[in-house]
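*Asks:* Okay, handing you the structure first.
The values are calculated or read from the model by the stated rules, or taken from the named source; none is laboratory data. Just so you know, these numbers come straight off a predicted model, no measurement behind them. Here Cβ is always computed from backbone atoms with ideal geometry, including for glycine, and neighbour counts include all displayed protein chains.
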């Protein structure tokens, strides 16, 4: 849909750049808050999806907490105005520096992923004369039916603690005086579109809660089911806002919370993916013997998902009304993997045309690099361009 883009303004800008539809972001936030609010669920935005300061500021003002996986993400949250007591800190390899900073900020909770990590947090909290809130991240061994590189909830993944080790973790916790167990945390992967995976997760959480209460008499205050709810990359114009209503209804129907328990979840991609677009300019049209290439000025340094995950993004020529032709859409980086799409139908293109690579608001700008000494892409916003 070309009408959603200020094409005349785009023509004057140096490409490639990210363009964010701030009205869509606001509508997405309104929807996710409304649907989760029906059941009293608390939301923590997963910063790894996008940490653009303007985006963070809008999400913070919408009242969401934060899910961080590094010390610098926690710092970005604090600077954006997120309350420290609504920040959770996950990640399998938290360093002493990061843990100390999180303790100093008095964050809400550490999602812990191993016994050695528990012991280190206990030691560092003791040195600060504090007690650290922790949630045990358990692997429920539920398949998210997603790409192998972004699945996280199986026993063979590096993340979390296998459920059969839970009694051992509880015994170790009893000896750690600077740790307070306040929750259980789960996360089965990213870009999950088969909602039965979340149904299976809820059933498994119920079983693990029953086991924990039966074996140790423990009922935690918080259940965190992570994130992972996917978006529709094929049809961003027709499905701009994910079906949060169905997602939260499935969770509410299948998850058996104890009285007074709080459910927390950590959406990232589903909040920001559809509001972001990578705008790039055609540099050359190159014709081979059997292929036609649209060579653009964006590369995998600007959007790495297609190269890393073989991901699909809808691509539109927003300056051409000519009949479609078939192209390989490729970037300038000196790697054969610098390809956005193969054999893709695109309105007939020529040098100087502008292409919009859609649904790039998550894991786009945040993963950009300066490989080949390329400049990082700038960002522009619909409400102040």
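*Asks:* Determine whether segment 286-296 contains at least one residue that is crowded, with 19+ Cβ neighbours inside 10 Å and touching a helix residue (DSSP H, G or I) at 6+ places or on another chain (Cβ under 8 Å).
*Replies:* No: segment 286-296 contains no residue that is crowded, with 19+ Cβ neighbours inside 10 Å and touching a helix residue (DSSP H, G or I) at 6+ places or on another chain (Cβ under 8 Å).
*Asks:* What is the one condition in (1) without any contact (Cβ under 8 Å) to a residue 60 or more places away in the chain; (2) part of a strand (DSSP E or B); (3) surrounded by fewer than 18 Cβ atoms within 10 Å (Cβ to Cβ) that residue 329 does not satisfy?
*Replies:* (3)
*Asks:* So residue 346 ticks every box in (1) on the phi < 0 side of the Ramachandran plot; (2) in a loop (DSSP other than H, G, I, E, B); (3) surrounded by 17 or more Cβ atoms within 10 Å (Cβ to Cβ) but one. Which box is left unticked?
*Replies:* (2)
*Asks:* Then there's this: Does segment 172-196 hold any residues that are assigned to a helix (DSSP H, G or I), surrounded by fewer than 17 Cβ atoms within 10 Å (Cβ to Cβ) and modelled with pLDDT of 95 or more, and which are they? Full working, then the answer.
*Replies:* Taking segment 172-196 first, the residues assigned to a helix (DSSP H, G or I) are 172-173, 196.
After this cut, where a residue has to be surrounded by fewer than 17 Cβ atoms within 10 Å (Cβ to Cβ) as well, the list is 172, 196.
Selection gives 172 alone.
*Asks:* Pull up segment 242-261, narrow it to residues that are in contact (Cβ under 8 Å) with a residue 12 or more places away in the chain and either closer than 15 Å to residue 25 by Cα or assigned by TED's automatic domain parsing to the domain that holds residue 311 (or both), then point me to the one that is surrounded by the fewest Cβ atoms within 10 Å (Cβ to Cβ).
*Replies:* Step by step, filter segment 242-261, then rank; the result is 244.
*Asks:* Counting only residues that are in a loop (DSSP other than H, G, I, E, B) and in contact (Cβ under 8 Å) with a residue 60 or more places away in the chain, which one in segment 265-296 is farthest from residue 376 (Cα to Cα)? Step through it out loud before you land on a result.
*Replies:* Restricting attention to segment 265-296, the residues satisfying the condition of being in a loop (DSSP other than H, G, I, E, B) are 266-268, 288-291.
Subset that is in contact (Cβ under 8 Å) with a residue 60 or more places away in the chain: 266-268.
Working: 266: 28, 267: 26, 268: 22 Å.
It comes out as 266.
*Asks:* Out of 369, 311, 359, report the one residue that is under 21 Å from the mean Cα position of the chain (by Cα), in contact (Cβ under 8 Å) with a residue 12 or more places away in the chain and under 30 Å from residue 110 (Cβ atoms).
*Replies:* On the way: 311 fails: under 30 Å from residue 110 (Cβ atoms); 359 fails: under 30 Å from residue 110 (Cβ atoms).
On inspection, the qualifying residue turns out to be 369.
*Asks:* Could you tell me which of the residues 299, 260, 352 is under 30 Å from residue 63 (Cβ atoms) and assigned to a loop (DSSP other than H, G, I, E, B)?
*Replies:* On the way: 299 fails: under 30 Å from residue 63 (Cβ atoms); 352 fails: under 30 Å from residue 63 (Cβ atoms).
Testing whether each residue is under 30 Å from residue 63 (Cβ atoms) and assigned to a loop (DSSP other than H, G, I, E, B) leaves just 260.
*Asks:* For segment 332-378, name all the residues that are touching a helix residue (DSSP H, G or I) at 6+ places or on another chain (Cβ under 6 Å) and either within 30 Å of residue 290 (Cα to Cα) or not assigned by TED's automatic domain parsing to the domain that holds residue 310 (or both).
*Replies:* Passing the criteria: 333, 337, 340, 354, 359.
*Asks:* Go through segment 218-241 and give me each residue that's exposed (fewer than 13 other Cβ atoms within 10 Å of the Cβ) and either modelled with pLDDT under 95 or under 26 Å from residue 315 (Cα atoms) (or both). Break it down into steps so the answer makes sense when it comes.
*Replies:* Step one: filter segment 218-241 for residues exposed (fewer than 13 other Cβ atoms within 10 Å of the Cβ), giving 219, 234-235, 237-238.
Residues satisfying the conditions are 234, 235, 237, 238.
*Asks:* Considering only strands (runs of 3 or more DSSP E) fully contained in segment 1-73, which possess at least 1 residues that are without any contact (Cβ under 8 Å) to a residue 60 or more places away in the chain? Lay out the reasoning, then the answer.
*Replies:* On the way: elements: 17-20, 42-46, 65-68.
Once the strands (runs of 3 or more DSSP E) in segment 1-73 are filtered for at least 1 residues that are without any contact (Cβ under 8 Å) to a residue 60 or more places away in the chain, what remains is 65-68.
*Asks:* If you check residue 304 against the conditions, is it touching a helix residue (DSSP H, G or I) at 6+ places or on another chain (Cβ under 7 Å) and free of Cβ contacts under 8 Å to residues at least 40 places away in the same chain? Steps first, answer last, please.
*Replies:* On the way: touching a helix residue (DSSP H, G or I) at 6+ places or on another chain (Cβ under 7 Å): yes; free of Cβ contacts under 8 Å to residues at least 40 places away in the same chain: no.
Spelling it out, it is not the case that residue 304 is touching a helix residue (DSSP H, G or I) at 6+ places or on another chain (Cβ under 7 Å) and free of Cβ contacts under 8 Å to residues at least 40 places away in the same chain.
*Asks:* What is the one condition in (1) surrounded by 17 or more Cβ atoms within 10 Å (Cβ to Cβ); (2) under 20 Å from the mean Cα position of the chain (by Cα) that residue 93 does not satisfy?
*Replies:* Exception for residue 93: condition (1).
*Asks:* Answer yes or no: is there a residue in segment 42-55 that is surrounded by fewer than 19 Cβ atoms within 10 Å (Cβ to Cβ), in the same structural domain as residue 105 (by TED's automatic domain parsing), more than 18 Å from residue 227 (Cβ to Cβ) and within 16 Å of the chain's Cα centre (by Cα).
*Replies:* Yes - at least one qualifying residue is present in segment 42-55.
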